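What follows is a short report on a single structure.
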Amino acid sequence: MKAHWLDDDKHAIDADELRTHGVVYEALPLEPGGYQPALDDLRDNRGYVTQDQIELRPDMDNLDAICAKFKDEHLHEDDEVRFVLEGEGIFDIRSNDDRWMRVTVTPGDLIVVPEGKYHRFFLTDKKAIRCVRLFKDQSGWTPVYREAA
Ligand SMILES: [Fe+2]
């Protein structure tokens, strides 16, 4: 995980600072026996019920359409929990004072964007990511876009 302020890329943001803005970050081992106990704890502590995997690849016909849904600022009514197994992605997440925190995730990174927290998501030039997701209810995925101020 690498994170910095979008308006100040010389100032790195670490996991402790992310947490003060409600974002959970943890580095986990990539083997299933390594990460699953931590995901089970997270599920029990935060009330998730379901686990699956999502994969985006450059050869998918609908890749642009999928990415288009998440590139504009939005929130969800459920936490967005992602543990990255392969590839990479970029989350821009609003801080408590409405600045952008740019968080680049790579394999071994677990991130929780809490419900109600504005964010947007992009793939990197690799156009590929595979993640474990945890959630309470699939309906929580529906993006709620931020009104233009
Ligand atoms: Fe999202």
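A few notes on this one:
- Scanning segment 48-98 for residues that are within 12 Å of the ligand (Cβ to nearest atom) and small (Gly, Ala, Ser) turns up just one, 89.
- Residues (more than 11 Å from the ligand (Cβ to nearest atom), out of contact with any helix residue (DSSP H, G or I) (no Cβ under 9 Å at 6 or more places or on another chain) and in contact (Cβ under 8 Å) with a residue 12 or more places away in the chain) located in segment 115-127: 116, 124, 126
- Residue check, residue 36 polar (S, T, N, Q) and free of Cβ contacts under 8 Å to residues at least 40 places away in the same chain: yes
- The residues of segment 137-149 that are at pLDDT 90 or above and either assigned to a loop (DSSP other than H, G, I, E, B) or within 25 Å of residue 32 (Cα to Cα) (or both) amount to a single one, 146.
- Of all the listed residues (30, 56, 63), the sole one being surrounded by 12 or more Cβ atoms within 10 Å (Cβ to Cβ) and over 23 Å from residue 118 (Cα atoms) is 30.
- Residue count for segment 132-149 under the criterion of being closer than 16 Å to residue 54 by Cβ and within 12 Å of the ligand (Cβ to nearest atom): the result is 6.
- Only one entry in 97, 109 is charged (D, E, K, R) and crowded, with 20+ Cβ neighbours inside 10 Å, namely 109.
The values are calculated or read from the model by the stated rules, or taken from the named source; none is laboratory data. Not measured: the values here are computed from a predicted model. Quick reminder, even Gly has a Cβ in these numbers, built from the backbone with ideal geometry, and neighbours come from all protein chains shown.
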